[in-house]
Amino acid sequence: MMKGMKKTRQGAVSILVLFGVLFGLVFPAAGADFKKEYKMTVNVGPNFYWGIGATKFAELVKEKTDGRINIKPYFGSALLKGAQLKSPQMVANGIIDCAYESTINAAPVIPEMNIFSLPFFINTFENLDQMENGETGKKIFEAMDQKGLVGLAWAENGFRQVTNSVREIKRPEDMKGMRLRVVGSPIFIDIFRQLGADPVNMNWGDAQTAFQQGVVDGQENPVGVLIPVQIWQYHQYATLWNYLVDPLIVYWGKREWDKFPADIQKAIAEAAKESARFEKALCRAGLDDGESLRILKEEFNYEMAVPDPIAYMEEKGMKVTQLSEEDRQAFEEATRPVYDKWVPKIGKALYETARADMAE
């Protein structure tokens, strides 16, 4: 009797599958086809805007997939064991499922991403948006696809600013001999050496000690990092020069991505874009014309603890300098040799594409 019932059920399933094939029906994948946990690498801690955006992405994915896809963020590059520049390979190989990652960290594998690190090239949020939403963004996602990665959305760590404990920086000559902690990417080293500074690469814990001992004079980071690390404990001077920008990309390993049914891909992509819009607004709040504060309040019901970061740093005793157009041009001219070296590495065609995007 039981065997007969089992055969009947199997026959019914076979008929349904055949019916689906004949009439083009798509049946949802069973829950067993999905992992219990999808690992996501995040470079920073959960309290930075970048980390908050990654958490938002995981929450939205769970919500939009009705709990079928559960992402666990691993903060502080915990999955990379110090090899922060290896995340693209680890995601492409399926060791890590996805990333909320800086273009700086991915640039050694995808050199096109260095387009965002050309000094004094992009300068404004408007220029950045036009690049990301234009042909530049498409070409970078195409380069990622060739490396086995699926780019889903553009988020942000922000334009990087410089702080120090020695003097106000307004002109290139103000940087002569200044010892500054910078990102270890080769293009960063070249930029600061070109300006006459002495760039050093060290982790943040060592940098804090070096600041306190006076061994290192300053550092560069976006405002969204300067506030949570309380940079005023170490430095009196900040120059908001927007010398280059640090976009984030939400991406997935192509091999694993292609296994997802279309409805899951759609839900994850929507979650990525929504989380990126939220995270970008966090980074830009108080630094644009009020648009980001409006987005946070009206679209996400979110109130910034520090809605005016510049005023906040000044309240903490910092002297905040913003470059005049003449001063900015002086820095651009001083760093021109960096272009001669790096544009061929990035690709002249991509450089011209970026310029065209920004001109629109």
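Any read-out appearing in this document is the output of simple, stated calculations on the displayed coordinates, not a laboratory observation. Bear in mind that the values here come from a model prediction, so they are computed numbers and not experimental data. All Cβ positions, glycine included, derive from the backbone under ideal geometry; neighbour counts span all protein chains shown.
Which residue, GLY94, GLY205, ALA269, has the largest displacement toward the positive end of the dipole of the chain when charges sit on each Cβ (Lys, Arg +1; Asp, Glu -1)?
GLY94
Nearest-5 percent of antiparallel DSSP beta bridges in the chain? All intermediate terms of the calculation are to be shown ahead of the outcome.
Numbers: 23 of 39 bridges.
The answer is about 60 percent antiparallel.
On a C-alpha basis, how far is the centre of segment 252-295 from the centre of segment 320-341 in Å? Whole number, if you could?
The two parts, judged by their Cα centres, are 32 Å apart.
Determine the gain in length on full extension of the stretch GLU270-LYS297; use 0.36 nm per residue of separation and subtract their C-alpha separation, reporting nm with one decimal.
Details: separation 27, 0.36 × 27 = 9.72 nm, distance 2.01 nm.
This chain segment gains 7.7 nm when fully extended.
Using Cα springs under 10 Å in a Gaussian network model of the chain, which residue among ASP198, ASP263, ASP190 shows the largest mean-square fluctuation?
Looking only at ASP198, ASP263, ASP190, the biggest GNM fluctuation is shown by ASP263.
For the chain, with a Gaussian network of springs between Cα atoms less than 10 Å apart, report the residue from TYR74, TYR234, TYR302 with the top mean-square fluctuation.
TYR302
Quick check: residue separation of LYS316 and GLU37 times 0.36 nm, minus the Cα distance between them. What number comes out in nm? Present the calculation step by step, with values, prior to reporting the outcome.
Values: separation 279, 0.36 × 279 = 100.44 nm, distance 4.22 nm.
Result: 96.2 nm gained on full extension.
Within straight cross-link reach of LYS176, meaning Cα distance under 28 Å, which lysines are found once same-chain residues fewer than 8 apart are removed?
Result set, ordered by chain and number: LYS316, LYS319, LYS341, LYS345.
Show the residues, 5+ positions off or on another chain, whose built amide H is closer than 5 Å to the amide H of ALA155.
Those qualifying (amide H under 5 Å, at least 5 residues apart or on another chain) are LEU248, ILE249, VAL250.
How many angstrom lie between the Cα centre of segment 232-248 and the Cα centre of segment 127-183?
Rounded to whole Å, the Cα centres lie 12 Å apart.
At 7 Å along Cα-to-Cβ for each site, give me the label-to-label distance between GLU333 and ALA78 in nm.
Rounded to a tenth, the inter-label distance reads 5.1 nm.
Classify segment 155-225 as rounded, prolate or oblate, taking a ≥ b ≥ c as the square roots of the eigenvalues of its Cα gyration tensor: rounded when a/c is under 1.5, otherwise prolate if a/b is larger than b/c and oblate if not.
Values: a/c = 1.33, a/b = 1.07, b/c = 1.24.
Rounded.
Report the gain in length on full extension from ASP263 to LYS62: 0.36 nm times residue separation, minus Cα-Cα distance, nm rounded to one decimal.
Working: separation 201, 0.36 × 201 = 72.36 nm, distance 1.33 nm.
Stretched fully, the ASP263-LYS62 segment lengthens by 71.0 nm.
In debye, nearest 20: dipole of segment 76-166 around its Cα centre with unit charges on the Cβ of K, R (+) and D, E (-)? Mind dumping the intermediate values first?
Details: 6 positive and 10 negative charges, 82 e Å.
The dipole magnitude comes to about 400 debye.
Take every DSSP beta bridge with both residues inside segment 122-271 and express the antiparallel ones as a percent of the total, to the nearest 5.
Values: 18 of 23 bridges.
That works out to approximately 80 percent antiparallel.
At R0 = 41 Å, how high is the FRET efficiency between ARG167 and LYS341 if r is their beta carbon distance? Nearest 0.05 is fine.
Efficiency computed from Cβ-Cβ geometry: 0.90.
Among the listed pairs LYS139/LYS348; LYS36/LYS259; LYS86/LYS254; LYS36/LYS72; LYS35/LYS81, which have their C-alpha atoms separated by more than 18 angstrom in this model? Mind showing how you got there, number by number?
Details: LYS139/LYS348 13 Å; LYS36/LYS259 15 Å; LYS86/LYS254 16 Å; LYS36/LYS72 10 Å; LYS35/LYS81 23 Å.
Beyond 18 Å between Cα atoms: LYS35/LYS81.
Calculated FRET efficiency, ASP308 and ALA356, Cβ-Cβ r, R0 35 Å, to nearest 0.05? Let's see the in-between values first.
Details: r = 35 Å, r/R0 = 0.99.
Between ASP308 and ALA356 the formula returns 0.50.
Please report SER324, SER77 as a ranked list, fewest other C-beta atoms within 10 angstrom at the top and most at the bottom. It would help to have the intermediate numbers written out before the result.
Working: SER324 10, SER77 18.
By the 10 Å Cβ count, ascending: SER324, SER77.
Using Cα pairs closer than 8 Å and at least 6 residues apart in sequence, work out the relative contact order for the chain, in percent. Let's see the in-between values first.
Details: 608 pairs, mean separation 84.0, N = 360.
The value is 23 percent.
As a test of the definition: which semi-axes, in Å, follow for the chain when you take the square root of five times each eigenvalue of its alpha carbon gyration tensor? Largest first, please.
Details: eigenvalues 385, 91, 71 Å².
Those come to 44, 21, 19 Å.
Highest GNM mean-square fluctuation, the chain, Cα pairs closer than 10 Å: which of PRO337, PRO88, PRO172?
Maximum among the listed residues: PRO337.
Extending each Cα 7 Å along its Cβ direction at ARG255 and ILE189, get the distance between those two points in nm, one decimal.
Here the answer is 3.1 nm between the modelled labels.
R0 = 41 Å: FRET efficiency of ILE95 with SER324, Cβ-based, nearest 0.05? Don't skip to the answer; put the middle values down first.
Numbers: r = 48 Å, r/R0 = 1.17.
Computed FRET efficiency for ILE95 and SER324: 0.30.
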